[in-house]
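The values are calculated or read from the model by the stated rules, or taken from the named source; none is laboratory data. Every value quoted in this text rests on a predicted model; they were computed, and no experiment measured them. Neighbour counts are summed over all protein chains in view; Cβ atoms, including those assigned to glycine, are modelled from backbone coordinates with ideal geometry.
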Amino acid sequence: MPRLKLFLPLGAFFLLGLLLFRGLSLDPTALPSALVGKRFPEFELMGLRSGEPVTRAALVGDPMLVNVWATWCYSCRVEHPFLLDLAERGIKIVGLNYKDDSAKAVAWLDELGDPYAISVADTDGTLGLDMGVYGAPETYVVDARGVVQYRHVGVLDAGVWQSELSAWFGAAAVGEAR
């Protein structure tokens, strides 16, 4: 029995190695969302441009994308032209300006174009926290009933659109990205 104790560290090493190998084989971009299949959280935030209150009721009626973005987010600038293209094709996009300065955000949209049917300012990140946001950009598919169907973390581009998101948007989803 005492000799068996000598092999315990070796066994623990192999077990740890197996666990680490398993962890390395997981997709680091596959971040689970507790919201998928559930109603979008209740909220009341100020419209980015209007300053008027916007609530969850604005997310009911049409399928849409809810895009989490910020001026401090370089990847958001990369995905922005594709969002403009989607908006031109009739895809409704709601912008959630996350932990950002509202004046800078409005200037950013004025400079680059505004793909958002509605933009809300989540300056303190409370809605983002309720959504489980890890950072920007993140994009959620919300159905006509206001239920979250899918979450994508990272840049939304033509490849992601075709492979992961377009199925929820019917005829408007068809077309080439510019």
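Kindly indicate whether any position in region 89-99 is under 22 Å from residue 43 (Cβ atoms) and touching a residue at least 60 places away in the same chain (Cβ under 8 Å).
Pass one, region 89-99, residues under 22 Å from residue 43 (Cβ atoms): 91-99.
Adding the requirement that they be touching a residue at least 60 places away in the same chain (Cβ under 8 Å) leaves 91.
The answer is yes; a qualifying residue exists.
Residue 25 fails exactly one of the following numbered conditions: (1) closer than 19 Å to residue 125 by Cα; (2) small (Gly, Ala, Ser); (3) at pLDDT below 95. What is the number of that condition?
(1)
Using beta carbons and a limit of 8 Å, which pairs, at least six apart or on different chains, have the first residue in region 120-147 and in contact (Cβ under 8 Å) with a residue 60 or more places away in the chain and the second one of a type in the set (Ser, Thr, Tyr) and crowded, with 23+ Cβ neighbours inside 10 Å?
122/98; 128/98; 131/140; 133/98; 136/98
Can you pull out the residues in region 75-97 that are of a type outside the set (Lys, Arg) and over 15 Å from the mean Cα position of the chain (by Cα)?
Of the residues in region 75-97, the ones of a type outside the set (Lys, Arg) are 75-76, 78-88, 90-91, 93-97.
Listed by number, the residues that qualify are 81, 84, 85, 86, 87, 88, 90, 91.
Just one of 142, 155 is more than 19 Å from residue 84 (Cβ to Cβ), among the hydrophobic types (A, V, I, L, M, F, W, C) and modelled with pLDDT of 95 or more; which is it? It would help to see each step written out before you state the result.
Working: 155 fails: more than 19 Å from residue 84 (Cβ to Cβ).
Going through 142, 155 in turn, the sole match is 142.
Give the residue that is surrounded by the most Cβ atoms within 10 Å (Cβ to Cβ), with candidates limited to residues of region 58-83 that are at pLDDT below 95 and out of contact with any strand residue (DSSP E or B) (no Cβ under 8 Å at 6 or more places or on another chain).
60
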